[in-house]
1. Assess whether Arg81 counts as being more than 26 Å from Val160 (Cα to Cα), away from ligand 1 (no atom under 16 Å from the Cβ), modelled with pLDDT of 95 or more and of a type in the set (Lys, Arg).
2. Look through Asp181, Asp203, Asp221 and report the one residue that is farther than 13 Å from Asn162 by Cα and either at pLDDT 95 or above or touching a helix residue (DSSP H, G or I) at 6+ places or on another chain (Cβ under 7 Å) (or both).
3. Which of the residues spanning segment 156-173 are in contact with a Leu (Cβ under 8 Å, 6 or more places away or on another chain) and either within 25 Å of Ala238 (Cα to Cα) or touching a residue at least 40 places away in the same chain (Cβ under 8 Å) (or both)?
4. Return yes or no: is Thr21 in contact (Cβ under 8 Å) with a residue 60 or more places away in the chain, polar (S, T, N, Q), surrounded by 18 or more Cβ atoms within 10 Å (Cβ to Cβ) and part of a helix (DSSP H, G or I)?
5. Are there any pairs, at least 6 apart or on different chains, whose C-beta atoms fall under 7 Å, with the first in segment 215-228 and closer than 20 Å to Gly182 by Cβ and the second small (Gly, Ala, Ser) and crowded, with 23+ Cβ neighbours inside 10 Å, and if so, which?
6. Give the number of residues within segment 177-192 that are surrounded by 24 or more Cβ atoms within 10 Å (Cβ to Cβ) and not aliphatic (A, V, I, L, M).
7. More than 30 Å from Ile190 (Cβ to Cβ) and either more than 16 Å from ligand 1 (Cβ to nearest atom) or in contact with a Ser or Thr (Cβ under 7 Å, 6 or more places away or on another chain) (or both) - does that describe any residue in segment 4-24?
8. Kindly indicate whether Gly67 is modelled with pLDDT under 95 and either surrounded by fewer than 17 Cβ atoms within 10 Å (Cβ to Cβ) or more than 23 Å from Ser113 (Cβ to Cβ) (or both).
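The values are calculated or read from the model by the stated rules, or taken from the named source; none is laboratory data. Owing to the predicted nature of the structure, the values given are computational and were not obtained by experimental measurement. Virtual Cβ from ideal backbone geometry, glycine too; neighbours counted across all protein chains shown.
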Amino acid sequence: MQHLVTLFDISPTDVRRVLATALVLKQRLKKGDRPALLERRVLAMLFEKPSLRTRVSFETGIAQLGGTSLFLGEDVGWGKRESPSDFTQVLGQFVDCVVCRAKSHDRVEQLASFDALPVINGLTDVCHPCQAVADAMTVQEKFGDCAGKHLVFVGDGNNVANSLALICAMLDMRFTLACPDGYEMNADWIRRIVKEYPNAKIDRQVDAKAAVANADAIYTDVWASMGQEAEAAERREAFAAYQVNGDLMAAAPSHTRVLHCLPAIRGEEITDEVMDSEQSDVIQQAGNRMHAQKGVLVWLLNQAWIDQNITL
Ligand code: CP
Ligand code: NVA
């Protein structure tokens, strides 16, 4: 059964098909057209962590495609009231697909392992695949194509950075992480990217200004992710030289775009000045979550439509 637990589950060609689907659906929506490509399909949203964008964009996305969603919070007792196998197999009796945001990546892997229904990762400590698809869509809209572009992630080598590095390798983009020692991306994850995509252009720099010198897009995220709240003070100190501010932007080319997955802590990893500048695409990027995830849902649940309507 096809899942989207990480972007290793999807081929570069299918990522391109998802992006093309997302762009077509976005254009059609602008004209008031909401094609019922997933009529009466039901999407469960199993969330162990807070969310605005992921939850609302999936719920509105499936509704616009003619389906419906149901939010499953703590009260369903995932991992508490019954075995994971019973829980997942029963869920598969009712719904067509589940988006899961979990405290640990293993839990989403386990959910998918029963092959009871397609599982979409809505963020774990390891990665955030749907975010990266929306980010690639935003780069494509801004530059016409992702290939050959240079994305510089300034900040923690976290879940968002992991998915971005992978999608960059899949779409022939260069990825640079600018971070202090001790906050690099997981070495096994990078090794796996390079093994699957030997032409991947991934590097890491300590000096943020040097890193952004040739950037087409500068990307940042919070310094302490959900679950790392206890490390916030220590991380504020470690990342002090990695704020995306006017000074850093002055070291980048004038065409450079600014991205952030949000939520942001304004005044920490990014200043108001940059967030609200003409170079910032963060609101469009957040909006693209819905369009990109419509593409993912159609890819998982209505491949035939993509086969008939999308040519790359
Ligand atoms: N970027 C993102 O996933 O936002 P939420 O945590 O609000 O879903
Ligand atoms: N790295 C952040 C992303 C939030 C969308 C976190 O995991 O909290």
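1. Against the criterion (more than 26 Å from Val160 (Cα to Cα), away from ligand 1 (no atom under 16 Å from the Cβ), modelled with pLDDT of 95 or more and of a type in the set (Lys, Arg)), Arg81 qualifies.
2. So the residue among Asp181, Asp203, Asp221 that is farther than 13 Å from Asn162 by Cα and either at pLDDT 95 or above or touching a helix residue (DSSP H, G or I) at 6+ places or on another chain (Cβ under 7 Å) (or both) is Asp181.
3. Answer for segment 156-173, where residues must be in contact with a Leu (Cβ under 8 Å, 6 or more places away or on another chain) and either within 25 Å of Ala238 (Cα to Cα) or touching a residue at least 40 places away in the same chain (Cβ under 8 Å) (or both): Gly157, Asn159, Ala161, Ser163, Leu164, Ala165, Leu166, Ile167, Met170.
4. Yes, satisfied.
5. From residues that are closer than 20 Å to Gly182 by Cβ, the pairs are Thr220/Gly155; Asp221/Gly155; Trp223/Gly155.
6. Result for segment 177-192: 1.
7. For segment 4-24, residues more than 30 Å from Ile190 (Cβ to Cβ) and either more than 16 Å from ligand 1 (Cβ to nearest atom) or in contact with a Ser or Thr (Cβ under 7 Å, 6 or more places away or on another chain) (or both): present.
8. no
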